[in-house]
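Values in this text are rule-based calculations from the coordinates and carry no lab data. Keep in mind that this is a model prediction, so the values were computed, not measured. All Cβ positions, glycine included, derive from the backbone under ideal geometry; neighbour counts span all protein chains shown.
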Amino acid sequence: MQEGVCLVISPLLALMQDQIDTLLKKNIKAVALNKPLSQDETIVLFDNIRFNHIKFLYCSPEKLQSKFIQDKIRQLNISLVAIDEAHCISEWGHDFRPSYLKLNILKELCPNATTIALTATATNSVLSDIATQLQFDSYELYKSSFARSNLAYQIFEVEDKFFKIKQIFDKMNAPAILYCQTRNETKKLSGLLNAEGYNSTYYHGGLSNAEKKKSYDDWYGETKQIMVATNAFGMGIDKGNIRVVIHVNIPNSIENYIQESGRGGRDQHKAFAVTLLNKNDINRHYQNQERQQIAISDLKTIYFQLNQFFQIAKGEFNVRDFDFSLNDFCNKYKKEPTHTYRALKVLERQGILILTEGFQKKTGVKFIASSKHVLQYCDKHPESEIFIKTILRNYGGVFENFVTINEYSLSKRLECSKLDVISNLKKIEHAGLVKYIPENTNTRIQFLVPREDDFTINRISKRLKEQEKNKSQKTEAIINFIQNNTTCRSKQLLAYFDEQQEIDCGICDVCLTQKKQTVKTKDVQNELLKLLQNKELSSRELTACSTYNERDVLFNLQQLVEDKKVKITSINKYRTN
């Protein structure tokens, strides 16, 4: 609607692409700085923005720190700056990213632009922090309520979660999201649901872009009604008719819970946000949070080894980005991949490096020769026999489909190096036995600061400790929410975001339990009053005559006395007043 360009600052590359695709479908021109570009390619991109009426430019906060990018932005007519996921600016937000602290440079780069900062999950202290960090001289706050009158928050403690999930889906034939903690759980649970006759697909950060797209399209188009996913799924999802969102594990924070469960019922019809618990979940949640913590000493070691891995000299600031294989790095330095990956993500969030991920493109192998021909080849080439038969024993379906091969696990079984495995795969491909698609990880690392070893990490250690403390507080908040079975769920969530609600929601598990208790109380009291009609009876006699247990009888007798509907005689018997 305005002249000029809208500059959107967004933290997620996938979200940028999702929004650009949506804009292009509406015939609105948009581009993103979401992949590595040479200087010449970047110049061409910015020329396109200036001369081809491109209206939206998406950029990560990290990319914005490049002096070259800053110079190119200065040349544009930026009329609006939109900062998405603005809670990332605040250390007290649930996904703090230090690169967001440097966004105040936008005042210099785009002096004539209006700025809007947007977030779906922020407490009052976070909102105030956003305005401070962005150095707003004056601003207006537009804030809608977190209350969702059509969304029923329900927490169930169950022995068998899968049985409960099936019960829910038997009652509800509608689009659903089922959130799991790990990638393996998504695949396993989706498989179990499909085996039971439900239509499900799964989604996690380790899938290829093509796999993610197919999974999303199948679910969005309702070929598959159930999406089983990690929290990698959800950003930018806007499907109105999701009737239930199930958390199989405790969410990481209230903010995560609000975002994920809030994807239900966007069409304003009733929807359910269900969390399933068993007795060990709370302890397991604490243990999981502890496992995810990265010690400062571990960060120092991994950062040092990373520089060694790429042969960066101390004091050097290398501006180019490097091809990176997590497996190669972990194998060389005897590291555990998951822990190392978490450490790299910490370094990325702290503005020390950028990790452009592509772990999903694994090695694929398919046997194109007949099994008879393969066995004949083994007889003629005994040096390849063990290698070929190890593949056949460990990977099923290799004659029918491409199968993902893990070179590292294969090299361990064969007691050789990964390079030997690759060499053997190339050899049998050349012999016409297999079609071999090598691992193609387009993962790249770019360092954002000069190499200063321990000093680099020491600079961020205080901030990291504060963040761990903040994370612990958020863990306590979600556990308190899970365990509080006396206060309306909606009231609890609103109170966390400094919002008060006078009346109970009436549809959460707490409210429904209280309603049942109220109905039961009336039934018990009516029966007691009927038994006492024209009679005086002791509590023991009432219990003997009542269809309710002793605890319910005694509790409600006391209530009737307090309400002056029943009185106690001098011989400790009860009669109507």
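Distance from the C-alpha centroid of the stretch 245-273 to that of the stretch 343-415: 38 Å, rounded to the whole angstrom. The slack between LEU192 and ALA295, meaning 0.36 nm per residue of separation minus the straight C-alpha distance, is 33.4 nm. Computed from point charges on the beta carbon alone (+1 for Lys and Arg, -1 for Asp and Glu), the dipole magnitude for the stretch 196-317 about its Cα centre is near 80 Debye.
By the beta-carbon count within 10 Å of each Cβ, the least crowded to most crowded order of CYS508, CYS59, fewest first, is CYS59, CYS508. With θ taken as phi - 60° and the Karplus curve 6.51 cos²θ - 1.76 cosθ + 1.60 applied, the whole-hertz 3J(HN,Hα) list for the stretch 538-548 is 7, 5, 5, 5, 5, 5, 5, 7, 6, 8, 9 Hz, x standing for glycine and proline.
Between the listed residues ASN280, GLN154, HIS204, the Cα displaced farthest toward the positive end of the dipole of the stretch 151-282, a dipole computed from Cβ unit charges relative to the Cα centre, is found at HIS204. Pairs with C-alpha atoms separated by more than 24 Å, drawn from the list LYS35/LYS412; LYS166/LYS345; LYS214/LYS366; LYS164/LYS224; LYS55/LYS213, are LYS35/LYS412; LYS166/LYS345; LYS55/LYS213. Using the beta-carbon distance between ASN184 and LYS535 and R0 = 56 Å, what value does 1/(1 + (r/R0)^6) give for FRET efficiency, to the nearest 0.05? Once rounded, the FRET efficiency stands at 0.30.
Taking every C-alpha pair closer than 8 Å and separated by at least 6 residues, the mean separation divided by the residue count of the stretch 243-283 gives a relative contact order of 56 percent.
What is the stretch 151-282 by shape, rounded, prolate or oblate, if you read a ≥ b ≥ c off the alpha carbon gyration tensor as root eigenvalues and call it rounded for a/c under 1.5, prolate for a/b larger than b/c, and oblate otherwise? Rounded, since a/c falls under 1.5.
The label-point distance for LYS522 and LYS214, in a model that sets each label 7 Å from Cα toward Cβ, rounds to 5.6 nm. Sorting the segments 460-467, 301-308 by their mean number of nearby beta carbons within 10 angstrom, highest to lowest, gives 301-308, 460-467. Between the amide H of ALA152 and those of ALA271, PHE272, ALA273, distances stay under 5 Å, these residues lying 5 or more places away or on another chain, with hydrogens modeled in the peptide plane. Based on the alpha-carbon gyration tensor of the stretch 229-279 and its eigenvalue square roots a ≥ b ≥ c, which shape applies: rounded if a/c is under 1.5, prolate if not and a/b is larger than b/c, or oblate? Since a/c reaches 1.5 but b/c is at least a/b, the shape of the stretch 229-279 is classed as oblate.
Here the stretch 286-311 and the stretch 202-222 have alpha carbon centers that stand 31 Å from each other. Here the chain is assigned +1 on the Cβ of each Lys and Arg and -1 on the Cβ of each Asp and Glu. Its dipole about the Cα centre then comes out at about 860 debye. Based on Cα contacts under 8 Å between residues 6+ apart, the chain shows a relative contact order of 12 percent. Rg and Dmax of the chain, based on Cα coordinates, read 30.3, 107 Å.
Under 13 Å of direct C-alpha separation, and excluding same-chain neighbours fewer than eight residues apart, LYS427 reaches these aspartates and glutamates: GLU383, GLU385. By the Kirkwood approach, averaging reciprocal distances over each pair of separate Cα atoms, the stretch 509-576 gets a hydrodynamic radius of 12.3 Å. Put simply, the amide H of ILE246, placed in the peptide plane, has neighbours under 5 Å in ILE177, LEU178, TYR179, VAL274, leaving out anything fewer than 5 places away on its chain.
Cα gyration tensor of the stretch 252-407, axes a ≥ b ≥ c as square roots of the eigenvalues: rounded (a/c below 1.5), prolate (a/b > b/c) or oblate? Oblate, since a/c reaches 1.5 and b/c is not below a/b.
In plain terms, the residue of PHE497, PHE317 with the fewest other Cβ atoms within 10 Å comes first and the most crowded comes last, giving PHE317, PHE497. Under the simplified labelling scheme, the THR356-ASN27 pair shows an inter-label distance of 3.3 nm, with each label point 7 Å from Cα along Cα→Cβ. Remark: the stretch 246-291 carries a charge dipole of roughly 120 debye about the Cα centre, counting +1 on each Lys and Arg Cβ and -1 on each Asp and Glu Cβ. Our estimate of slack between LYS67 and GLN559, defined as 0.36 nm per intervening residue step minus the Cα-Cα distance, is 169.8 nm.
For LYS102, the aspartates and glutamates whose Cα comes closer than 14 Å to its Cα, not counting residues fewer than 8 places off in the same chain, are GLU62, GLU91, ASP129. Using R0 = 35 Å, the C-beta based FRET efficiency linking GLN75 and ASN480 works out to 0.10.
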